[in-house]
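Below is one structure, written out as structure tokens; the observations come after it.
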Amino acid sequence: MATQTTASCTGSTLLQPISEIINLPLDQVNFVACQLFALLMAVWFRLYLHPSKTSPFIRHVVATLLGFYLALFCFGWYSLHFLVQSGLSYSVMVFAGLEHMHKYCFIVTLGYLILCQITRVYVFDYGMYSADFTGPMMVITQKITSLAFEIHDGKTSVSKVCARMPSLLEYLSYNCNFMGILAGPTCSYNDYMAFIEGTCYQPRHQENANGKENGKYKQSEPSPKNDVISKLCTCAISLAIYLSLCKLLPVEHSIDDDFVSSTPFHLQIIYLYLAMLALRPKYYFVWTLADAINNAAGFGFNGYNKDGSPRWDLISNLRILDIEFATSFKMFLDNWNIQTALWLKRVCYERCHINPTAATFLLSAMWHGVYPGYYLTFLTGIVMTMAARAVRHNIRPYFLVSDSYKCIYDVITWACTQVAISYTVVPFVLLAVGPSLKFYRSWCFCLHLLCLLVVLALPVKSRRGQVKEQQDGLQKDSLQDNQTEHNSTDNNCNQKDKAT
């Protein structure tokens, strides 16, 4: 396998002629080629290395070796960082005490990721379109920290989330398997082990086999064929849309001086929305293809629909229609990069006692990288989230009085959500401080100011207040139930006394 040390690609140059013919960067060509190869290997893995035909040990070994090969092909020797990061974190898990193991593991794993991101951006200066070896490390960081928290929670609580420390082979297979080494998505360690051992269908068969309706599915293993084909079609459409529109509607054009000075503001808003609409299919393609690869290998089964058809969305990373028609900032985020959102919720939001929303957005910025644009985006996201929450809690109830009012509310909030998302994400795309601030100045920071006014004007209860209110309500209901039961018992006793 030939490699080069140019700034454009650190992996194999085998596909250089194809890269020149189709006029795409070599690292992107390598990525797509490796993912298509992984798709073929996934089908072979499910058919010929099925749990009924071979042992979990063989499945672990093959999945890991194939993952290492794909990493080497795409990133060359930089893929060694995957092993170093995994090795350091595994050592922490083995030698650190159980009480603080998850915290030390989180610091070491995230710290090594940030160190690599700093060297990539500010030392080697690869830039935006080069082979980014920190992309897979971001997913590995999620997996390692998720596992550490699962082990800690399983050992220190009644709920056995993860009851044992994995072996080194199981650990490497979980982090670096060929299905998720390049684009993820992250997943639960228990779910991955159930897939390797062939037990991922049994619990969900039993959960869904209520009576006669789904009983027939207990004896047959569901096939992912239809879902894989559907997701590959989505990939093809997404890629075609992206390649057709990305150069016609560049986000950078929104800060062009001539464009800003000569274009009415309402047309600037429409252009920005269309530019972001043209950019999103790139992510749809990458994440949907990654999901299809996992499904083709037999990983991702999530029970059955009401009509009896199997669901293969256990580790899906997005819901396209819910994204494009989102009527709130939260709804958009809940359906975008789903597994990352769940990871942030598990390791940060649910454990942070001081302003968990701000802490979660800050962690997301640190995890994404060291470009200043990332921090501008996620700091803006904090204000947007708080404002959207205030509007939903204070204004939405007035529109629920009739279906027509609700429809009007949904249309307005859809438009506002799309504009707010586009406005927020611009620095994420532009990366640098100068262009990002230039964009915000061209809009006079209008959405920042509007959100601050909404947050100050409309009261919203904190998460603690909401939780306390729910607990008080539950306690009140419990007391009422006990009182009712007590009165019922007294009445029965009185009737017995009268009868006597």
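The values are calculated or read from the model by the stated rules, or taken from the named source; none is laboratory data. A quick note: this is a predicted structure, and the numbers were derived from the prediction, not measured. For neighbour counting, all protein chains shown are included, and Cβ atoms are generated from backbone atoms with ideal geometry for every residue, glycine included. Ligands, DNA and RNA are excluded from the accessible area calculation, which covers all protein heavy atoms including side chains. Shrake-Rupley method; radii C 1.70, N 1.55, O 1.52, S 1.80 Å.
Table for the structure above
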{"item": "Residue-count net charge about T413 - beta-carbon cut-off 13 Å; Lys, Arg +1, Asp, Glu -1", "result": "+4"}
{"item": "Shape category assigned to the range 319-478 from the gyration tensor of Cα positions, a/c cut at 1.5", "result": "oblate"}
{"item": "5 angstrom amide H check on L318, placed H, neighbours 5+ away", "result": "I338"}
{"item": "Solvent-accessible surface ranking, highest first, for E20, E170, E350 at 1.4 angstrom", "result": "E20, E350, E170"}
{"item": "Cα gyration tensor, the range 350-393 - rounded (a/c under 1.5), prolate or oblate", "result": "oblate"}
{"item": "Ranked by how many other beta carbons lie within 10 Å on average, peptides 186-197, 91-102 from highest", "result": "186-197, 91-102"}
{"item": "Cα gyration tensor, the range 15-200 - rounded (a/c under 1.5), prolate or oblate", "result": "oblate"}
{"item": "D_trans [Stokes-Einstein, Kirkwood Rh over alpha-carbon pairs] for the range 222-262, 10 °C, 1.306 mPa s, µm² s⁻¹", "result": "123 µm²/s"}
{"item": "Nearest-0.05 FRET efficiency for L169 and F95, computed from C-beta distance (R0 22 Å)", "result": "0.70"}
{"item": "Extension gain (nm, one decimal) between L115 and D191, 0.36 nm per residue minus Cα-Cα", "result": "24.4 nm"}
{"item": "Calculated P(r) of the range 283-408 - Cα pairs past 21 Å, %", "result": "55 percent"}
{"item": "Chymotrypsin sites (Phe, Trp or Tyr not before Pro) restricted to the range 384-460 and DSSP loop, no more than 16 other C-beta within 10 Å", "result": "F445"}
{"item": "Inter-probe distance in nm under a simple model that places probes 7 Å from Cα toward Cβ, at N302 and Y398", "result": "3.7 nm"}
{"item": "Net charge dipole size for the range 15-200 [Lys, Arg +1 and Asp, Glu -1 on Cβ; Debye, nearest 20]", "result": "440 debye"}
{"item": "By accessible area with a 1.4 Å probe, ligands and nucleic acids excluded, highest first: order of K330, K231, K247", "result": "K247, K330, K231"}
{"item": "Nonlocal amide H pairs with Y304, under 5 Å, H built at 1.01 Å", "result": "R311"}
{"item": "Difference of contour (0.36 nm per residue) and Cα-Cα distance, D258 to L437", "result": "62.7 nm"}
{"item": "Per-residue HN-Hα couplings for the range 318-328 [Karplus 6.51, -1.76, 1.60; θ = phi - 60°; Hz; x = Gly/Pro]", "result": "6, 10, 4, 5, 5, 6, 5, 10, 5, 10, 7"}
{"item": "Rel. contact order, % - alpha carbon contacts under 8 angstrom, at least six apart, the range 15-200", "result": "30 percent"}
{"item": "Cut-off 12 Å between beta-carbons: net charge of the residues surrounding T234, Lys and Arg +1, Asp and Glu -1", "result": "0"}
{"item": "Coil-residue chymotrypsin sites (Phe, Trp or Tyr not before Pro) of the range 294-326, DSSP, other Cβ within 10 Å capped at 15", "result": "F325"}
{"item": "Residue-by-residue Karplus 3J(HN,Hα) for the range 415-425, coefficients 6.51, -1.76, 1.60, Hz, glycine and proline x", "result": "4, 5, 5, 5, 5, 5, 5, 4, 4, 5, 8"}
